[in-house]
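Structure first, then comments.
The values are calculated or read from the model by the stated rules, or taken from the named source; none is laboratory data. Keep in mind it's a predicted model, so treat the numbers as computed, not measured. Cβ coordinates were reconstructed from backbone atoms using ideal geometry, including for glycine residues, and neighbour counts include every protein chain displayed. All accessible areas refer to the heavy atoms of the entire protein, side chains included, with ligands and DNA or RNA removed. Shrake-Rupley method; radii C 1.70, N 1.55, O 1.52, S 1.80 Å.
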There are 4 protein chains.
Amino acid sequence: MTDLLQMYQTIRKRSTDLCLPLAPEDFNIQLADHTSPPKWHLAHTTWFFEEMILKKYLDGYQEFDEEFSFLFNSYYNHLGDRTDRSHRGTSRPLLEQVLGYRHYVDELMETLLQVELETEVRKHIIIGLNHEQQHQELLLTDLKYTWWHNATFPVYDTNSNFLTEKNTESGWLKMHEGIYQIGHADSEKFSFDNEHGAHRVYLNDYSISKSLVTNGEYLEFMEAGGYKDFRYWLDEGWSWVNAHGINSPLYWIKKEGEWMQYTQGGLKKVHLDNILSHISFYEANAFASWRGMRLPTEFEWEAAADQFSWGSRWEWTYSAYLPYPGFRIAEGALGEYNGKFMINQMVLRGASIVTAPGHSRKTYRNFFHPHYRWQYTSIRLAQ
Amino acid sequence: MTDLLQMYQTIRKRSTDLCLPLAPEDFNIQLADHTSPPKWHLAHTTWFFEEMILKKYLDGYQEFDEEFSFLFNSYYNHLGDRTDRSHRGTSRPLLEQVLGYRHYVDELMETLLQVELETEVRKHIIIGLNHEQQHQELLLTDLKYTWWHNATFPVYDTNSNFLTEKNTESGWLKMHEGIYQIGHADSEKFSFDNEHGAHRVYLNDYSISKSLVTNGEYLEFMEAGGYKDFRYWLDEGWSWVNAHGINSPLYWIKKEGEWMQYTQGGLKKVHLDNILSHISFYEANAFASWRGMRLPTEFEWEAAADQFSWGSRWEWTYSAYLPYPGFRIAEGALGEYNGKFMINQMVLRGASIVTAPGHSRKTYRNFFHPHYRWQYTSIRLAQ
Amino acid sequence: MTDLLQMYQTIRKRSTDLCLPLAPEDFNIQLADHTSPPKWHLAHTTWFFEEMILKKYLDGYQEFDEEFSFLFNSYYNHLGDRTDRSHRGTSRPLLEQVLGYRHYVDELMETLLQVELETEVRKHIIIGLNHEQQHQELLLTDLKYTWWHNATFPVYDTNSNFLTEKNTESGWLKMHEGIYQIGHADSEKFSFDNEHGAHRVYLNDYSISKSLVTNGEYLEFMEAGGYKDFRYWLDEGWSWVNAHGINSPLYWIKKEGEWMQYTQGGLKKVHLDNILSHISFYEANAFASWRGMRLPTEFEWEAAADQFSWGSRWEWTYSAYLPYPGFRIAEGALGEYNGKFMINQMVLRGASIVTAPGHSRKTYRNFFHPHYRWQYTSIRLAQ
Amino acid sequence: MTDLLQMYQTIRKRSTDLCLPLAPEDFNIQLADHTSPPKWHLAHTTWFFEEMILKKYLDGYQEFDEEFSFLFNSYYNHLGDRTDRSHRGTSRPLLEQVLGYRHYVDELMETLLQVELETEVRKHIIIGLNHEQQHQELLLTDLKYTWWHNATFPVYDTNSNFLTEKNTESGWLKMHEGIYQIGHADSEKFSFDNEHGAHRVYLNDYSISKSLVTNGEYLEFMEAGGYKDFRYWLDEGWSWVNAHGINSPLYWIKKEGEWMQYTQGGLKKVHLDNILSHISFYEANAFASWRGMRLPTEFEWEAAADQFSWGSRWEWTYSAYLPYPGFRIAEGALGEYNGKFMINQMVLRGASIVTAPGHSRKTYRNFFHPHYRWQYTSIRLAQ
């Protein structure tokens, strides 16, 4: 069995394993444009292999169902019309048809993977698997967001992801002015196109915290009136806070005078020592301002990343998501993967407790609009 | 077995029978504020009996689940907070819990119904059953609306409701000026509060059509440019047509040059002789203007109703939904049933092919906002 | 000098007289879609005479400026494109050009009016004058609305319209069941097409108040929590109250614990004995419900109108604005005058302190959407 | 007379001089949230001197009118409530009052400027004058935007700003990899806080065009279907193009088959050789993609700026508006000047034909959201 086949099977199986706690009715609910239902994630990741691999590289491939091309395309304009982002929550096709789709595509992918493949095909399959891992994280965060709006606060897992992580280090790392190497340079290992173009940046002296902000520290900000003092906020952040009545991290709720937070294990008490989660860039930046500090840039983060531990939360940086020098959009649909989102979004570095195993690296550039909070995000300070 | 018990069982069973063609995933999709998912209809109609009957009249009644009160209230402000109308599509509680809820309530209702009940209790149970019948019609029309937005055009029933009804009469009925009796006067038989207050109205000479408008007649209007000529439209209708790009009845779609319509049996050809369905008041009124005629008032309709056949389509009238003389809102939650909607809506008379059996009468006042089209609506002309 | 010429001159002059207190900058502000700036009113009323009279009946008429046709059309689709309702607040053409337009049109109208005119022309001129009187009232109410949003609360007139009117009668008028004549029957006197079609209606016994609701009575409703109790409100009224945080009539503001109201003379104390003004249909209806009464229908109002005094406030009725029996939309642009608004609006009867002199009659049907409050509206109870 | 006094008088006079072509009615129209009427600009720039200088540094200063503080604050949360951005178009205070306000403040400022002032005061006055120069540019661009929506296409100036600028250079400038100095370092000369923090950046080899894109080149893009091919667009740019039906630069209109553009001199023919103006970042970036090139970063622009001519158009860069290393928000209201806008905006470099004389320098960082087009913006390519 080839390594790639094994990798394919392991990653594909993880997607359906993540859905084991779900009933059929849980697979098709969409509550916001930016979240998708589990069934859609299962189908869309499969569609990727059908569209990008099987249709191109498997001679005589017979499409599973021509409507699925339309239904499970996400944003690849190259590949024709697509269903409206806000209409992904549909009852049909039924879950069993989607599972049939996965099975059909997997069998043929496994056939294809029996033989030695050209470098290009292998590369595209690996992109597909990394793509699936990204959707595994989204599947969990989207589900959490959906269930948060359900009055019954459903429990996904009785054992894990209760946001109990704590800092293991403290203090500040001092970094020296000079030229640093940024970006993914190892062409043997996979990385996304937005990390390519390893290049030099010039950094000034800076310090970066070895720990992430805790619930306790954030609560101090809240209790000091942080959400009510415009001085700490970017202008659009201040509008956002006021328009939506924001006064705590997402998933926090006060019950009988005590702060609780919704986790994958249901409502749990907020513990002060645990690492903060689910805040927007606006909140991260306001907190830093209140502390008289700032967020690091993505370059500062990457230059120092070997010297602190990371991986439990996505960390907001004060870097906009822009192309690296020499970045070029690839030809065809795969070119739509990253480049076209390079506007109005901020870079997050690190990874989170729900990131797929093996999917993290220090050059990884995650990105979201500054008001989003449904990912497992937190704050690392710099000065 | 009492008559009321039998009636209770028959009507309650029909609700779940209507859901037999559905898979669990079909029960929880909501695509618009004005439509609700099947699971919600099943639960809300049950909630009515729990809230209005069991809690009041069954000593020692134990609530099935206190959260259900919140989740399945529709608009009864008397009974506390309620879930947002646009958030009825939820995965939890699961269908099996809702079916458990129905079973629990039905058993206790049946116990209650074994004995002779006070008139008031009986009256409230009968309201609950009529309420359930209304939701049966909504369940079917809401599902049709939801599935229309599904690219696969799911089939609900392979045998019926393909909109094949034809007129059996033709010509005009001439009605004479004078005083007519309007409203429900028979206190032995059930009617809603909005029909009560039988009273006299003075009508002028008028003629009313014995037939409903057909697809063919409506197509003439379309082909004569009816949707593009402001002269036929009320000002707000004209804005609606232009804002939404309306150019045919709801559920019509042109495929390879031929008009098709989505029915409970899937996409079917539009037959010219069949009775038109799924048009808004604005369209009904524009069609009538184009023909140099008008819609009847609800009083003209009722005064003549014994002399033509009706029941396959709800018929838009040019009467606003207003209180009859002497109308009074009842005390308590039941008082919220009808009266508070008496603004900005138009009256429809008749019934439709998906109205529950035994639920129709000539004094029945249905009402919707003038732009809605997802009910089985049509046009009867007057002049 | 003909009577019609004199009438023309008197009414036209009143429009510009109403603008005497204004500076040029006051003529072009528009704050809401439903209000128009003074310059627009001055121009649009003139446009009416140019478009409907001079272009049709004055041989060799030379248009003042072809762009004015586009700019100052209001909603007459027959006469081509028109400027967006929300973009009437423009600096150009300048006021002096608009006054030039008035002067140009007036001179030619006066020439036309020197000679004996055909009945049809005379009729259309009289419509134009009544149209101008309607805009005179709107000019004042729109300006009040605009200035209310100005932090400086500008004063329009230091002498009048401070809302000091009081009731001169009290008690109830008992009206007997039977047939009543409704609508304008005197073809010698002017009336709008929506009043035509005099016809009979059958009314039940009812009582109607001889007085209008006062500020003091309304304050009792407010202090009894009327704005916070859903039981008194129509469902859409309740949504309106909550969406906009409504808790008092329009133009009321509490200063240092005392209710003040913005009038044409600036901010004035709310006096309890004065007649209430500036409430929506929703508020009128909620007040009536709270008092255990109701609003009269427009028919009940008209049948009794000779027996109470009216004219200081427009009085909301619980009648939707619908066509009278036999109503027909006239051919051409004048046909757009009234009929196409016959949906989603409620009828108001009476007149107000800012209605043009001589413009009132008991058959007059004014109409607005149920949430509007910028007219001088009030409440007469019925039961 | 001190230099600063002379500078004060010159700049202040220019603001009112720019308004000489206007009638009083032109001073108060606002058509969009992002544009302000001339009267507001005149008052707000004056308010700055009253609030930041006279109230602080002139003993016994008597406020001109306390309401003006509220009315003419723009976004300085430090200084209390402010009028809603979309409600700046008001008739009152009248223009003459605003001119009185300017006169009052100018007299006292001139008194203050007679004597030798502390460095801090002088610094704040210079900020106020630069602030006024920024508003002079906005006054002209806002007015152009407002008049563009006026069907009469008013002429502001019959002599200038017809967008006739042409490139005087051509070809590419090759820049070498290495460390470059960025930001304003000369503490003797004025610059805004967002330019401070001179620092080093590391740049790779790049080429930058010596000319700006012309109308002719842009028309090629349009005619090649550039607005209809998603491949050239950022995802949010593509949504923007489709949502608003964008198919040409702002102010372009096709008349009888020929492209015209609205200028300060009215509608003029689009000449192919003239430099393009009034495009969004999205369009700039799409054009660059279509040409297989890219926009420069703001650092690449600044490093090369001495070697090409600039100043006729603001040039979009592919740099987000972010803080320079060491950037700190100043204490108090002046701290709100720049830093709080550092999110979701893109940097523009250069200046335009309507930038105030003496207000340009190569370190200047202008910034707007990527969809705005009402400034005089254009494209310089890089590769």
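Values as computed for the structure displayed
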{"read-out": "Candidate set: the range C:296-348, residues that are at the interface with chain B (Cβ under 10 Å from one of its Cβ atoms), hydrophobic (A, V, I, L, M, F, W, C) and open to solvent by less than 10 Å² (accessible area, probe 1.4 Å); chosen: the one nearest to the chain's Cα centre (by Cα)", "value": "C:Met346"}
{"read-out": "Among the residues listed as C:Thr90, C:Thr119, the single one being touching a Lys or Arg at 6+ places or on another chain (Cβ under 9 Å) and modelled with pLDDT under 95", "value": "C:Thr90"}
{"read-out": "Residue selected from the range D:206-224 under the condition within 14 Å of another protein chain (Cβ to nearest Cβ) and not hydrophobic (A, V, I, L, M, F, W, C), by the criterion farthest from D:His271 (Cα to Cα)", "value": "D:Tyr206"}
{"read-out": "Whichever residue in the range D:166-216 is buried (at least 17 other Cβ atoms within 10 Å of the Cβ) and of a type in the set (Asp, Glu) and, among such residues, is nearest to A:Tyr202 (Cα to Cα)", "value": "D:Glu195"}
{"read-out": "Enumeration of residues in the range C:22-49 that are at the interface with chain D (Cβ under 10 Å from one of its Cβ atoms) and in contact with a His (Cβ under 6 Å, 6 or more places away or on another chain)", "value": "C:Leu31"}
{"read-out": "Selection count, the range B:197-219, where residues are of a type in the set (Ser, Thr, Tyr) and closer than 14 Å to B:Lys174 by Cα", "value": "4"}
{"read-out": "Contacts under 8 angstrom Cβ, first residue in the range D:6-17 being within 11 Å of D:Gln136 (Cβ to Cβ), partner outside any helix (DSSP H, G or I), 6 or more apart", "value": "D:Ile11/D:Ala356; D:Arg14/D:Ala356"}
{"read-out": "For C:Glu50: the one exception among (1) surrounded by 22 or more Cβ atoms within 10 Å (Cβ to Cβ); (2) within 21 Å of C:Pro357 (Cα to Cα)", "value": "(2)"}
{"read-out": "Failed criterion for D:Asn161 (all others in (1) away from chain A (no Cβ under 14 Å); (2) open to solvent by 40 Å² or more (accessible area, probe 1.4 Å); (3) modelled with pLDDT under 95 hold)", "value": "(2)"}
{"read-out": "Some residue of the range B:11-21 being of a type in the set (D, E, K, R) and within 14 Å of chain A (Cβ to nearest Cβ)", "value": "no"}
{"read-out": "Filtered residues of the range A:234-256 (kept if outside any helix (DSSP H, G or I), open to solvent by 40 Å² or more (accessible area, probe 1.4 Å) and not hydrophobic (A, V, I, L, M, F, W, C))", "value": "A:Gly245, A:Asn247, A:Lys254, A:Lys255, A:Glu256"}
{"read-out": "B:Lys174 within 23 Å of the chain's Cα centre (by Cα), among the basic types (Lys, Arg) and away from chain C (no Cβ under 14 Å)", "value": "no"}
{"read-out": "Residue in the range C:263-285 that is at pLDDT 95 or above, on the phi > 0 side of the Ramachandran plot and part of a loop (DSSP other than H, G, I, E, B) present", "value": "yes"}
{"read-out": "Filter pass, D:Phe64 being aromatic (Phe, Trp, Tyr) and either on the phi > 0 side of the Ramachandran plot or modelled with pLDDT of 95 or more (or both)", "value": "yes"}
{"read-out": "Hits in the range D:349-370 (condition: open to solvent by less than 20 Å² (accessible area, probe 1.4 Å) and away from chain A (no Cβ under 11 Å))", "value": "D:Arg349, D:Gly350, D:Ala351, D:Ser352, D:Val354, D:Thr355, D:Ala356, D:His359, D:Thr363, D:Tyr364, D:Arg365"}
{"read-out": "Given (1) farther than 25 Å from D:Lys123 by Cα; (2) free of Cβ contacts under 8 Å to residues at least 60 places away in the same chain, index of the condition D:Glu188 fails", "value": "(1)"}
{"read-out": "Complete set of residues in the range A:130-165 that are within 26 Å of B:Gly89 (Cα to Cα), touching a residue at least 24 places away in the same chain (Cβ under 8 Å) and β-branched (Val, Ile, Thr)", "value": "A:Thr141, A:Thr146, A:Val155, A:Thr158"}
{"read-out": "Residue list for the range D:31-83, restricted to those being in a helix (DSSP H, G or I) and of a type in the set (Val, Ile, Thr)", "value": "D:Thr45, D:Thr46, D:Ile53"}
{"read-out": "Residue count, the range A:235-256 (criterion: touching a residue at least 60 places away in the same chain (Cβ under 8 Å) and either among the charged types (D, E, K, R) or within 14 Å of chain D (Cβ to nearest Cβ) (or both))", "value": "3"}
{"read-out": "Scan of the range B:91-106 for residues that are among the aliphatic types (A, V, I, L, M) and open to solvent by less than 10 Å² (accessible area, probe 1.4 Å), ordered by number", "value": "B:Val98, B:Val105"}
{"read-out": "Selection count where residues are in contact (Cβ under 8 Å) with a residue 40 or more places away in the chain and under 23 Å from D:Thr168 (Cα atoms), scope the range D:265-284", "value": "12"}
{"read-out": "Pick from the range A:141-185, criterion assigned to a loop (DSSP other than H, G, I, E, B) and of a type in the set (A, V, I, L, M, F, W, C), ranking: farthest from A:Arg122 (Cα to Cα)", "value": "A:Ala151"}
{"read-out": "B:Asp84, sole failed condition from (1) under 20 Å from B:Ser36 (Cα atoms); (2) open to solvent by 50 Å² or more (accessible area, probe 1.4 Å); (3) of a type in the set (D, E, K, R); (4) at pLDDT 90 or above", "value": "(4)"}
{"read-out": "Any hit, the range A:220-233, residues being surrounded by fewer than 18 Cβ atoms within 10 Å (Cβ to Cβ), in contact with a Leu (Cβ under 7 Å, 6 or more places away or on another chain) and either free of Cβ contacts under 8 Å to residues at least 40 places away in the same chain or not in a loop (DSSP other than H, G, I, E, B) (or both)", "value": "no"}
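Each row is one residue, and each column tells you yes or no for (1) basic (Lys, Arg); (2) within 23 Å of the chain's Cα centre (by Cα).
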residue	(1), (2)
D:Ser74	no, yes
D:Arg85	yes, yes
D:Pro93	no, no
D:Gln97	no, no
D:Tyr101	no, no
D:Tyr104	no, no
D:Glu116	no, no
D:Phe153	no, yes
D:Asn161	no, yes
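Residue by residue, here is whether (1) among the β-branched types (Val, Ile, Thr); (2) closer than 29 Å to B:Tyr145 by Cβ; (3) in contact with a helix residue (DSSP H, G or I) (Cβ under 9 Å, 6 or more places away or on another chain); (4) more than 14 Å from chain D (Cβ to nearest Cβ) holds:
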residue	(1), (2), (3), (4)
A:Phe72	no, yes, yes, yes
A:Arg92	no, yes, yes, yes
A:Val98	yes, yes, yes, yes
A:Tyr101	no, yes, yes, yes
A:Glu107	no, no, no, yes
A:Thr111	yes, no, no, yes
A:Gln114	no, no, yes, yes
A:Glu118	no, no, yes, yes
